[in-house]
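Worksheet: one structure, shown below.
The values are calculated or read from the model by the stated rules, or taken from the named source; none is laboratory data. Given the structure is predicted, the values throughout are model-derived calculations rather than measurements. Reconstructed Cβ throughout: ideal geometry from the backbone, glycine too, with neighbour counts over all protein chains shown. Remember, those area values only see protein heavy atoms, side chains included, never the ligands or the DNA or RNA. Shrake-Rupley method; radii C 1.70, N 1.55, O 1.52, S 1.80 Å.
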Amino acid sequence: MSSVTTRSSRPPAGGPRDTQDPPKRRPKDDTRIALIFIAPAALGLAVFLIWPLIRGIWLSFTNYNLLTPAEFVGLANYRRLIADPIFWDSMKTTVYYVLLNIGIQTAVAMVIALLMYRLTQSTLLRGLVLTPYLVSNVVAALVWVWILDTQFGVGNQILGWLGIDPIGFFTDSAWAIPTIALVNVWRHMGYTALLIFAGLQTLPPSVYEAARLDGAGEIRTFFSVTLPLLRPIMALVLIMTIIGSFQVFDTVAITTGGGPANATNVLQLYIYDMAFDRFQFGYASAMSVGLLIVLGVITAIQYRLSRADSSDMS
Amino acid sequence: MSTSPTTAPDALEPKTENELQGSSHRRRHKLPTPGKVVAWAVMILILLITLLPFYWILRTALSTNPGLLSDPASLNPPEFTTGAFERVLGFQSTEDALAEGGSGATLNFWRYLLNSVFLATLVTVCQVLFSAMAAYAFSRLRWKGRDQVFALFLAGLMVPAVFTLLPNFVLIKQLGLIDTVLGIALPTMFMTPFAVFFLRQFFLGIPMEIEEAARLDGASRMGTFFKVILPMASAPIATLSILTYMAAWNDYFWPLMVSYTDSSRVLTVALGVFRAQSPQSGTDWAGLMAASLIAALPMFLLFMVFARRIVNSIGFSGIK
């Protein structure tokens, strides 16, 4: 299921996991000491990952308000979920956000990665593009709320000089989701660019040589050589960024809190409200399971695509 | 709060990478000059978009609120003052605070800072140590069921972090640890699948002979781990520690669930509260930006010291 390589998207077949096992000449069994070494991590895995996973699924079949014991209600939460217009609305909002966020972010990151690859190998430059990623979502959200403030934000001042009326970036329901998507593009584009950059470095230089000899220009080379070769890596980048994007919460909670009029009520926010404002942990868990399924399906689809494409590399 | 970072083992083979870069650099054909000019122009534009908001934080933090409102677009801080920093850190008198547009309410900033430092340190030290121990057991020890247990850890990589938050909250509540820093730390204190996976790859690359030599000299397994393996893997351990520290420092969603009062409130949550508390009369933007800057500063300092390591570590671990 998993394998690792350095700077290569396609590990050799057969799983490198076992290649460096201790040599056979020492067939000693280390079970006792291994148990000591593995105990803390195994405890963490069991208690804070596997158990919550099972419990989350179990809670989705119950009514639970934290105070009284969970009461099994079968599929009631799921029936409610299917009939809940707010759930579907927030699912739509989330998908809209993900499409904008990932679409723009991937395109911008690709441009940054290509520019860095073609122009300079400077570590300083790579460090600079990464700076927004160092601050928390909260700080990123706050600075943009200030810059884009309708009355006193410098963003609207500049628009004013250009003769454009002030835009309520976070207060106008048509603008709120695109603005939040762009704030997160700002924070993540450098990081994503470095991922793509690392992918570019794995491409064999010889293919560029060939493209040049055939007289292909920059743009032609990008679409005919770079992009097809990069497809498996892009698939991987997309899986990770899309999964992260679907879990958006921090930026929305800080900037709009779901408003105006539920226009930015993304799924995580709705789940959080359901659990912590209305104490309906059972229903909130059912929605979490719904999100889990969506993410699972997306991962499976993209995993297949990336596998299917991996033959491009050789 | 997002999916695990992909970080490639880099420190053990810097040569390979340099060679790669060198050769690709030499063979790369030159861009035509006008194209290059445009390319640099785009790059500079991107850098401006990336960096200007940070200047704007600083400029705002060094202003008074009345100044900000009367002169919203000036490049220099209007009515330059360090009052906002003093206000956030609790050194400013109430009269001065009100005069500069603060709320006049005191902010327990030092407490939040302390909580953040304590949380991030606790999570980082424990998570890295326990993950390294597990990684050692998975890479160097021979025991029954090893591959099956490792597969279980890898499966953990597939669980989106956000799914475990609600059940973990219920668990932390049952443990009576709500509103404690320990309660915030616990779920990530013992391990993350990513950390185990990441370190195991490095341990596999350490030559067996070195460890065997130590064993022949009479070192125990435990001694070998602490005196041989950990020092030899210090580069990836440092990288992982920085990434873990940053993740713990910047996390918002989980601490928001667990902490209710100042006793466990961390900086990210405090910033959110600070923003929400602002009265209708107007947000204390200077104070908010000063607080944001102080909250982000430790990460910038970490980054300045370890920039090369962090930047080079971002790549593909090929997790599929």
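Just a few scattered comments:
- Pick from segment B:61-110, criterion surrounded by fewer than 15 Cβ atoms within 10 Å (Cβ to Cβ) and of a type in the set (F, W, Y), ranking: nearest to the chain's Cα centre (by Cα): B:W110
- Scan of segment B:233-253 for residues that are in a loop (DSSP other than H, G, I, E, B) and either within 11 Å of chain A (Cβ to nearest Cβ) or of a type in the set (F, W, Y) (or both), ordered by number: B:D251, B:Y252
- Looking only at segment A:8-54, and only at residues there that are at pLDDT below 50 and open to solvent by 90 Å² or more (accessible area, probe 1.4 Å), the one that is farthest from B:E211 (Cα to Cα): A:R10
- Check on A:P228, at pLDDT below 85 and farther than 27 Å from A:M287 by Cα: no
- The helices (runs of 4 or more DSSP H) found wholly in segment A:56-168 and carrying at least 1 residues that are away from chain B (no Cβ under 13 Å) and among the hydrophobic types (A, V, I, L, M, F, W, C) occupy A:76-83, A:85-119.
- When B:V42 is tested against the conditions (1) modelled with pLDDT of 50 or more; (2) assigned to a helix (DSSP H, G or I); (3) surrounded by fewer than 12 Cβ atoms within 10 Å (Cβ to Cβ); (4) within 11 Å of another protein chain (Cβ to nearest Cβ), the lone failure is (3).
- Meets criteria (open to solvent by 40 Å² or more (accessible area, probe 1.4 Å) and within 23 Å of B:I44 (Cα to Cα)) for A:Q157: yes
- Residue in segment B:138-161 that is at pLDDT 90 or above, under 30 Å from A:G282 (Cβ atoms) and either more than 9 Å from every other protein chain (Cβ to nearest Cβ) or open to solvent by less than 40 Å² (accessible area, probe 1.4 Å) (or both) present: yes
- For segment A:212-241, a tally of residues being open to solvent by less than 30 Å² (accessible area, probe 1.4 Å) and at the interface with another protein chain (Cβ under 9 Å from one of its Cβ atoms) returns 5.
- Among the candidates B:L113, B:L165, B:L119, residue that is surrounded by fewer than 23 Cβ atoms within 10 Å (Cβ to Cβ) and more than 7 Å from every other protein chain (Cβ to nearest Cβ): B:L113
- Exactly one residue out of B:L256, B:L199, B:L230, B:L204 is among the hydrophobic types (A, V, I, L, M, F, W, C), in a helix (DSSP H, G or I), away from every other protein chain (no Cβ under 11 Å) and open to solvent by less than 50 Å² (accessible area, probe 1.4 Å), and it is B:L230.
- Test: residue in segment A:230-243 that is within 22 Å of A:V139 (Cα to Cα), assigned to a helix (DSSP H, G or I) and in contact with a His (Cβ under 8 Å, 6 or more places away or on another chain): yes
- Selected residue (only one of B:M208, B:M189 is aliphatic (A, V, I, L, M) and farther than 30 Å from A:N65 by Cβ): B:M208
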